[in-house]
Amino acid sequence: MKKVALALLASFLSVVPVFCQSLESNLIDAVTLYGNGRYAEARNILQTLSKAAPQEDAVWYYLAQVQFKLNNPEEAREALKTAVALDSTNFWYRRLLGRMHLAQNNVDEGQAQYESLVRSFPEKTSVVYELLEIYLAQKEYDKALNTLSDIERQRGPSEEVVRTRYEVLTAMGRQDEGAAELEIFTEQYSSPAILTMLGDYYLADYADSLAQARYTEALSLDSSYVPAVLGMSEVYRHTRRYKDYFQTLDPFFTSEDIPAATKNMYLSNMMRSLDPKILHLHREGFDRFVEETLETHPSDSSLLATAGSYYYSTGREAKAGPWFRKAAETYPESLGQSATYVQYLSLTKQWEPLREYSMDAFGRFGELAFLDYANMAHYELKDYDAIIGNCQYLLNNYPKDKKLCLSAWSMMGDAYYSKGDSRQAYKAYEKALRLDHSYAPVLNNYAYYLSVEGKKLKKAYTMSKKTIEAEPDNATYLDTFAWILHLMGKDLEAKPFFKHAMLYGGKESAVILRHYATVLEALGEADTAKVYRNQAARLESQEKQ
């Protein structure tokens, strides 16, 4: 038998099982596979069925859904178009086609499909609102307003329609007109939501008495309606009636029905927006908000962190710590809570706890930032061997990460020098510079330490010159370069670099001030030198305190 005939026979035999079973049975099999996420298998059956029974619209409908799941949007759309052509009365086919157009950014075609759908199925409220969302996304506000009017004519006034009309008119810059629509609605219907929207409108317009009247009416209908409660509290806050403000919000924070996330959002916004003087003046009331919320939701991670932030931002660092710690310990799997606690420990300079917790967090998460914090604590505690050990860990475990190895060699060099081993320090710096010969932090430290020892000043000069060429306004680098010039007997050349350093933070460093004073004395400017020495002494005295 010829190869062509064999191929035809094989093709025929592969289709025979499909014909031996009913179309319905095969379609059910395909839909079952689709429901189980076995899209490729479902597609194979459906494609075979589409050839065997091309007039079956359901086959094309499910084939479209399978193709869409397999990221074949064009094939999906064409299959669905076929299903719609076979049964144009099917609402679900046409709706899905509209959604597919929108998903593929064919906005015009999607919008046209929805408009046609609304004309064919005016009773389908959900699709009307979907068309409305399309108009709003396209900023076709006039069409949106017309659609709202159509809905209202068919079904009468509703809270949803009047709220949406207000939002559309606001987007068109016609907010006053929208508010008038809200007022007309409230004359006939009682709605806490619409009354609260009016209260918000008047409050934003500084019409506090009108806002209060609307919030009061809303709360008379539903005393626990949160937006109205918050709106009323804002009226009291605007008018500085803080006793009423706190009384209004107390039930909000003690309620178990209001989600912790809602309260957390309020507290976070409160910390960001309120004048620190107000927070201080009424601290007892604001503290009560935080305490009541924590009593109601004692284990919510976000609230625990917010409580810590609240106390820290109001100058009570010691009171903030336990909340940050509790959040981190209650949720040891949370990277964010651990990071927040570590940052708190570093800001408050609690070096021992920082060292211990950072290493623990590094062990749990493997995030190298925790190792950086640990090294910061090691440095402050003068545990240079621990820093060297951590750097060696990085070099052993990330040998191909150039940036990380560069930082490790640099830090290792600093640690060796701090423990008095300049030979090993310089070896580490040399290895760092092999990775990046222009790395300014290493060039600066290497050059400065050589100058302190009075060694290889030409080499120190060359390295330091590279740093000020790269960062001409860096006061630390300017100081190193100018000091090397001084040691080389070039005080006149050194002076302008010190003057430049004074403009960019040099006056905040006792070391730089003393170096400048030394150069001025060498140039015979004793009186000016005395001024800078006195400034250096004051800085050192402040640091000791």
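The values are calculated or read from the model by the stated rules, or taken from the named source; none is laboratory data. Remember, it's a predicted structure, so these values are computed and weren't measured experimentally. Because the Cβ atoms are built from the backbone with ideal geometry, glycine has one as well, and the counts that use them run over all protein chains shown. Accessible surface is based on the protein model in full, side chains and every heavy atom, while ligands, DNA and RNA are left aside. Shrake-Rupley method; radii C 1.70, N 1.55, O 1.52, S 1.80 Å.
Numerical summary
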read-out	value
Heavy-atom accessible area order for Ile28, Ile388, largest first, 1.4 Å probe	Ile28, Ile388
Mean Cβ neighbour count within 10 Å, used as a protection proxy, ranking 476-487, 175-186, 306-317, 146-157 highest first	476-487, 306-317, 175-186, 146-157
Those lysines that a straight Cα-Cα span of less than 26 Å connects to Lys495, excepting residues fewer than 8 apart in one chain	Lys455, Lys456, Lys458, Lys459, Lys465, Lys466, Lys507, Lys530
Distribution of pairwise C-alpha distances over region 80-140, 5 Å bins, in %	4, 20, 32, 26, 13, 4, 1
Share of pairwise Cα separations in region 159-207, more than 19 Å, in percent	15
Listed peptides 501-514, 267-280 by packing density, highest first (mean Cβ within 10 Å)	501-514, 267-280
With 5 Å bins from 0: P(r) over region 143-250, alpha-carbon pairs, percent	2, 13, 21, 22, 17, 11, 8, 3, 2, 0
Kirkwood Rh and Cα Rg combined as Rg/Rh, region 374-415	0.98
Solvent exposure of the chain as accessible area per residue, Å², 1.4 Å probe	53
Dipole magnitude of region 321-397, debye to nearest 20 (Cβ charges: Lys/Arg +1, Asp/Glu -1, about Cα centre)	180
Net lengthening on full extension, Ser220/Gln188 (0.36 nm per residue, minus Cα-Cα)	9.9 nm
0 to 90° range, to nearest 10: angle between helix 422-435 axis and the chain longest Cα axis	40
Unit charges at the beta carbon, dipole of the chain: most positive-side option, His486, Tyr266, Ile194	His486
Cα Rg, Dmax, region 320-380, angstrom units	10.2, 29
25 °C / 0.890 mPa s Stokes-Einstein diffusion coefficient of region 284-331, Kirkwood radius on C-alpha pairs, µm²/s	234
For the chain: relative contact order, % (alpha-carbon pairs under 8 angstrom, 6 or more apart)	4
With Cα atoms, 0 to 90° folded angle of helix 192-204 axis to the chain main axis	40
Separation between Cα centres of region 82-125 and region 308-333, rounded to whole Å	53
Order of exposure, largest accessible area first, which applies to Tyr225, Tyr129, Tyr215 with probe 1.4 Å	Tyr225, Tyr129, Tyr215
Nearest 10 degrees, 0 to 90: helix 351-365 Cα axis against the chain principal axis	40
Region 322-368 - percent relative contact order, Cα under 8 Å, separation 6 or more	26
Of all accessible heavy-atom area on the chain, the percent that carbon and sulfur account for (1.4 Å)	51
Proportion of all alpha-carbon pairs of the chain beyond 39 Å (%)	62
Distance from region 467-534 to region 369-407 (C-alpha centre basis), Å	32
Tyr446, Tyr373, reordered so the largest accessible area comes first (probe 1.4 Å)	Tyr373, Tyr446
Region 322-425 - Debye-derived log10 I(q)/I(0), Cα point model, q = 0.14 Å⁻¹	-0.55
Area of Phe324 that stays accessible when all protein chains are in place (1.4 Å probe, Å², to 10)	20
Per-residue [θ]222 nm for the chain (sum of -39500 (n - 2.57) over DSSP H runs n ≥ 4, rounded to 500)	-26000 deg cm²/dmol
Convex hull volume per residue in cubic angstrom - Cα atoms of region 408-508	93
Glu367 paired with Tyr398, simple spin-label distance in nm, labels 7 Å along Cα-to-beta-carbon	1.4
